[in-house]
Amino acid sequence: MIIDFHSHTFLSDGVLSPAELVQRAVAAGYRAIAMTDHVGYANYQYVCEALLRECEVINRELPITSLAGVEITHVAPRALGALAERCKAAGAQVVAVHGETITEPVPAGTNAAAAECAAVDVLAHPGLLTVADARVGRERGLAFELSARKGHSAANGRVARVCQEVGATMIVDSDAHAPGDLLTESLVAEIILGAGLERTQVETIRQENPVALLKRCGVSIE
């Protein structure tokens, strides 16, 4: 099954409405998808409220579990924790942080701030992840993303090596912005293997870790 904790709609920089994104995910064989539009202090309430309304209808009408989430993006590290807590209070089921990808000028210290914050569920494309940050995140169950997105994925090998060294949880996410970005089961396996991990780890990262993260976010699927 496909479970994806990182995607974008036209509420930020994606091209699809929440309803169309989820319908396309259903057609692609997804079991669950989190819509995690980019937020800062200016728009987090609007995004959370809008996605919660959409997910209420989707989860009633479609054979998929959708989650309302956010991706905190380019927020100063010292302000990140308070925003993550506000997003949770506003109803966000998944709080992702836009990690220190090597393709964008993300503020230094973002990975560390995300690793330390109990309200953060996913550290997206963390780039040149350090052992120290991975170890802190591991202690509180943070999920570290192996990214399917071009550019961000260039550091997947390092992320996998560091997470494996400290025993941190890894997941694969699409970071979808358009229909062609959605995952397939074979693509997820290729990303895991391409990051230098073993075939024996594929099912843990592809299924067991995402199911456990769903439960952390208060959702169970059959």
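The values are calculated or read from the model by the stated rules, or taken from the named source; none is laboratory data. Small disclaimer: the values here were computed from a predicted structure and weren't measured. Cβ placement follows ideal geometry from the backbone for every residue including glycine, while neighbour counts extend to all protein chains displayed. Calculation scope for accessible area: heavy atoms of the full protein, side chains included, ligands and nucleic acids excluded. Shrake-Rupley method; radii C 1.70, N 1.55, O 1.52, S 1.80 Å.
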query: Do any helices (runs of 4 or more DSSP H) lying entirely in the range 150-222 carry at least 3 residues that are open to solvent by less than 50 Å² (accessible area, probe 1.4 Å), closer than 19 Å to Arg140 by Cβ and without any contact (Cβ under 8 Å) to a residue 60 or more places away in the chain, and which ones are they?
result: 156-166
- line: If you go through Thr36, Thr9, the only one that is touching a Pro at 6+ places or on another chain (Cβ under 7 Å), crowded, with 22+ Cβ neighbours inside 10 Å and at negative phi is Thr9
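Quick check on Ala92: is it among the hydrophobic types (A, V, I, L, M, F, W, C), crowded, with 21+ Cβ neighbours inside 10 Å and out of contact with any helix residue (DSSP H, G or I) (no Cβ under 9 Å at 6 or more places or on another chain)?
When the stated conditions are applied, Ala92 does not pass them.
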- line: With the first residue restricted to the range 115-141 and required to be β-branched (Val, Ile, Thr), and the second required to be part of a loop (DSSP other than H, G, I, E, B), Cβ contacts under 7 Å at 6 or more apart or on different chains are Val120/Leu142; Val122/Phe5; Val122/His6
field: Lone qualifier among Glu71, Glu49, Glu56 - being under 28 Å from Ser186 (Cβ atoms) and either modelled with pLDDT of 95 or more or open to solvent by less than 40 Å² (accessible area, probe 1.4 Å) (or both)
entry: Glu71
Flag for Ala79 being open to solvent by 10 Å² or more (accessible area, probe 1.4 Å) and at pLDDT 95 or above: yes
